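These notes concern the structure reproduced below.
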Amino acid sequence: MALPAIPSEAGNVELLVSATRGFNYLFSNDLYHAKEHFAGGDDPYHLLGQGVCAFMEAALGMETGLLAEASRCLSLSEAGSRRQMKNVVKSQAKRRFTPGLEFEILNADAVVLLGLTNALSESYMGYLQCMYSLNSAHSKFSKLYKTVFPNGLDAYTTPSATPAPSRKSSTLSLHSSLSSYTSSTAAVATTSSTSKSFFSRFTSSSLSISSNSNTNSPPSDAEELPPDGPIEDLIISGTAFGYGLFNLVFSLLPKKVHAATNGCRGVVGLLGFKYDRKLALRALAVSAGKSDVHSVFSGLVLMTYYGVVLLLSGYQADEAHIIKQYKAIVTSIEARFPQGALWILNRAKIMRMSYDPEGAIKVLRDGLRPDRPHSFAQADTLLVFELAWTLLGQRRYQEAADMFIKVTELNSWSHGTYYFLAAGCYISLGNTTKAQALLDVVPDLIDKKKISGKDLPTEVLIKKKLAFYQEKQKRRGGDPKLWAQAIKISIAEELGLFWNTHARIERRLARAHIREWSALTPPRPLSIADAATPIPPVSPVVPTSARPGRAPRPMFGFSHALQPMPLSANLHRSGSSSSIADGAKGLIAGSSEGNLNELPDIDTPDEHAIRHLLIGMCERTAGEYAAARESLKAACELQSEIKVSTWVGGVAMFELAVLDLKEVEAGEMEAGVGAFGEGGAKGVHEAVRRLTEWDKATKAAGKKLEAAMALARSEVDLSSRLDSRVSMLRDEIAAKREALGI
């Protein structure tokens, strides 16, 4: 395709406005009309739009067949914008920015997307090309940032009513209470230094740029310039987006990446990348506050970041602030594109994170109504995925299973994982026949989808679980074709630990889980509160058929003789020593087909550790902190005996770190924030006590995170996911300590 002629300034604005209409279709879930509109132009704006459509289809749905089209359009857009950078039409009109900056931004956009497209090709050459592209693009955005924002970002508004991006706690600083009573308070200063890498002299790639002392001053000639138009919005929003995106992504990279010997952050340091997460969030918020196309993508990045922090960090230094920022971004963009699935998705996520799961379910179901635009199947898939997890958290297992299967009808990505999750839902329903039918096809589904010839990380774990339960059934003398009968703890609930599903469910549901898992033989003692909690029905219950030689077992394996016991009554007796395996071997050695069903439900250290972990999570959610600590410690103590689920120790240690923080936070909420503001000696005493508690808790949590990382070696399943969670929680701990002045 020949490159188009250089447009006049007026023609340039017209092309930008036209391309924006195409993006409006995309953001409104109308992919068909977006692609049709972009196809009507061969300029860099429209070609970039075509590339974005193909890229989003490929990335969201992992449809690798679309990568060639994305590369073609993005390459043409990159070449076209580069050509127009060199042939900018001079204008006599006074402009806020140097003519041609818009094409530099467009060029950097195309380079970034080209790099990511190369990475999706799943080849080593693709990864190398991706790193080269990112190195080029980040240099462009760093240079643009200095040009467009010479006085920093503070003069620019954001969608949130909060003017500053700092993560200050909504709780009054404890040091402020002390300083109001004492004559002086020692100032606590933190300093940081960043060493330059060998390659930094060549790449000149400082992403973290300090604002000068005049950050609050707008451009000196702002009053002499005409109002900003589409081009100015593109320059401001595009620069802030690119700069913020690079800072945020590099700040979130895990320390360990299985394919790299030095880890991703080592590679980042090698190339000279430096980053500042607070500045990244501020830049993205500034971009989201504009009306350009980049503002929507910035909003999407912020939504994703806030959603991930709320879901996976376990504890937030100021949850209210995050939710406020999150809501402001979603409200701003959804008002412009109410039909867009991505904004509907994030509104539902906010509801779930705010403990309104039923509201989230309603929003998601409304978003999937047949009368809404549905030509963007990849975006709809995310709605179904979120709905499935929300239903699982509500113990609505049949509906959750249906939604997990529905995901496989919308894209081709990881069908084995969704069948595995659906099978876990049927285990919870007691329908092992249906679960077995789904599990039987999982191996073939996994073999059809690999990355560079390797199984996906989640599917590596799944294959190990399949083999584990097959071996258990064989060891116990059961029918090898019906090995789903050996699964007593829902594999969907187990996998939900990696999505932190149990952290934001209702207390009644958490206690229902505790009763269910505690009743598995050998049973665990229950607290009085847990024993008194009625079990909500699941929908619908499919009873397991009665087996020969045994009366039908009550659903969930409950025994009518199970009575509440004090938590101190030998909590670990059901799984904290090698006697578990020895006892199981003795039972199995004396078993036969006739008494097979009299064997204990769980008889391996792996299962006992997972039960302790799941119960500990739910006890913490239910506010039973002492019991949760005992359960999570019990899971950690079994780590040396675990054969397959070696991830349990690291996850349990992480959850203990979260527990340290949650317990102090709960005590603080119970006491009331007002206690910090009391004057006189009483106020000082209370402030010192709280300060001491937080200092102790944050330090203890930090040590547990170090222990969690020591357990999450590279060969441990999904260790990179735990690595990311640890990184997020460390940031929250640092934010809390900064807010408290400790």
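For the pairs LYS327/LYS349; LYS454/LYS481; LYS406/LYS481; LYS454/LYS488; LYS349/LYS699; LYS327/LYS736, flag any whose C-alpha to C-alpha distance is greater than 19 Å. Those over the limit are LYS454/LYS481; LYS406/LYS481; LYS454/LYS488; LYS349/LYS699; LYS327/LYS736. In this structure, ASP479 and VAL441 have a Cβ-Cβ separation that, at R0 = 25 Å, corresponds to a calculated FRET efficiency of about 0.85. The ellipsoid that matches the Cα gyration tensor of segment 386-457 has semi-axes, each √(5λ) in whole angstrom, of 22, 14, 9, with the longest given first.
Ellipsoid semi-axes for segment 265-407, based on the Cα gyration tensor and the rule √(5λ), read 28, 19, 16 Å when sorted largest first. When the Debye formula is applied to the Cα atoms of segment 332-426, each taken as the same point scatterer, what base-10 log of I(q)/I(0) results at q = 0.20, 0.22, 0.24 Å⁻¹? For segment 332-426, the Cα-only Debye profile gives -0.96, -1.11, -1.25. Shape call for segment 406-447 from the C-alpha gyration tensor, a ≥ b ≥ c root eigenvalues: rounded (a/c under 1.5), prolate (a/b greater than b/c) or oblate? Oblate, since a/c reaches 1.5 and b/c is not below a/b.
When the convex hull of the Cα atoms of segment 459-525 is projected onto a plane and the area is averaged over all directions, what value comes out in nm²?
Averaging across all directions leaves 5.5 nm² for the Cα convex hull.
The listed peptides 130-140, 49-59, ordered by packing as a protection proxy, come out as 49-59, 130-140 (highest mean of other Cβ atoms within 10 Å first).
Taking label positions 7 Å along the Cα-Cβ direction at both LYS448 and ARG365, the computed distance is 3.0 nm, reported to one decimal.
The solvent-accessible area of VAL13, taken with every protein chain present and a 1.4 Å probe, is close to 50 Å².
Only aspartates and glutamates eight or more places from LYS140 in sequence, or on another chain, were considered; those with a Cα closer than 15 Å are GLU78, GLU102, GLU104, ASP109. Heavy-atom surface analysis with a 1.4 Å probe gives segment 374-486 a carbon and sulfur content of 55 percent of its accessible area.
Expressed as a fraction of 2.2 N^0.38 Å, the value expected for a compact globular protein of N residues, the C-alpha radius of gyration of segment 682-722 is 1.82.
Each of the peptides 651-659, 713-721 was scored by the mean count of other Cβ atoms within 10 Å over its residues; in descending order, highest first, they stand as 651-659, 713-721.
Computed packing ranks the peptides 619-627, 424-432, 660-668 as 424-432, 619-627, 660-668, most packed first, by mean other Cβ atoms within 10 Å.
The values are calculated or read from the model by the stated rules, or taken from the named source; none is laboratory data. Since this is a predicted model, take the numbers as computed values, not measurements. Ideal geometry is used to build each Cβ from the backbone, glycine not excepted, and the neighbour counts take in all protein chains shown. Heads up: the accessible areas ignore ligands, DNA and RNA and are worked out on the full protein's heavy atoms, side chains in. Shrake-Rupley method; radii C 1.70, N 1.55, O 1.52, S 1.80 Å.
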